């Protein structure tokens, strides 16, 4: 059983980790999206981009700005973002509704270009899912949830070799969690095993 301090029983009787139990936006994200399999190029490029923007910030900050990010980055369509110019960078740096970080903005454009190049080798979906481990963590407490894994280290290295930037092992692992490549829902959470990727 999970440590009682790490799971909260909501008014609906469902168990969630503390981070997903209070803020309605985080709760909705946790209940419907986080950890569910993402197997589209656009979907994975968006999550890769948002995880990079999240680096050094709280996830709820990014989540609150997600629709603004989608508007600013052409709904994260790699073919469009890959063609962004210096004028687009200036536009984004002047947009207060997103995180205005030049390195992260330029990395997103660069990563869109790298995503397009990957199509010649099977594409981003096949590439990222190839790092799915043989087993997923089974954390009972938040302290047991890893922040990296051998697979996320390998993924980050492979992404760098493929020309991606601003994606280290921690960001890669967060992407794996968000996209269902691993399941780090706490044992006892109502979402544990919900992705269908992992059979308990």
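Calculate the length of the line joining the C-alpha centroid of the range 1-78 to that of the range 161-200, in whole Å.
What the calculation gives is 12 Å, centre to centre.
May I ask for the angle, rounded to the nearest 10°, between helix 41-54 and the longest principal axis of the chain, with both axes built from Cα atoms and the value confined to 0 to 90°?
Computed tilt is about 80 degrees.
Using Cβ contacts closer than 10 Å as the measure, can you line up 186, 93 from fewest to most?
Starting with the residue having the fewest Cβ neighbours, the order is 93, 186.
For the range 41-178, what's the relative contact order in percent, using C-alpha pairs closer than 8 Å and at least 6 residues apart?
Once normalised by length, the contact order is 27 percent.
What does the helix-only formula give at 222 nm for the chain: each DSSP H stretch with n ≥ 4 adding -39500 (n - 2.57), the total divided by the residues, and the result rounded to the nearest 500 deg cm²/dmol?
-13500 deg cm²/dmol
Considering all projection directions equally, how large on average is the shadow of the alpha-carbon convex hull of the range 84-200, in square nanometres?
Result: a mean projected hull area of 8.9 nm².
Taking neighbour Cβ counts within 10 Å as the exposure measure, how do 126, 41 sort from fewest upward?
Ranking 126, 41 by Cβ neighbours within 10 Å, fewest first, gives 126, 41.
Using per-residue counts of other Cβ atoms within 10 Å, averaged over each peptide, order 55-67, 15-27 from highest down.
By packing density, highest mean first, the sequence is 15-27, 55-67.
Roughly what angle does helix 150-161 make with the longest principal axis of the chain, taking Cα atoms, 0 to 90 degrees, to the nearest 10?
Between the helix axis and the principal axis of the chain, the angle is about 10 degrees.
State the extension gain, in nm to one decimal, for the chain segment bounded by residue 95 and residue 138, taking 0.36 nm per residue of separation less the distance between their alpha-carbons.
11.4 nm
Once all Cα-Cα distances of the range 35-133 are split into 5 Å bins that start at 0, what whole-number percent is in each one?
2, 13, 24, 26, 18, 11, 5, 1, 0
FYI, it's all coordinate maths here, none of it is from the lab. These numbers come from a predicted model, not from an experiment. Note that each Cβ is placed from the backbone with ideal geometry, even for glycine, and that neighbours are counted across all protein chains shown.
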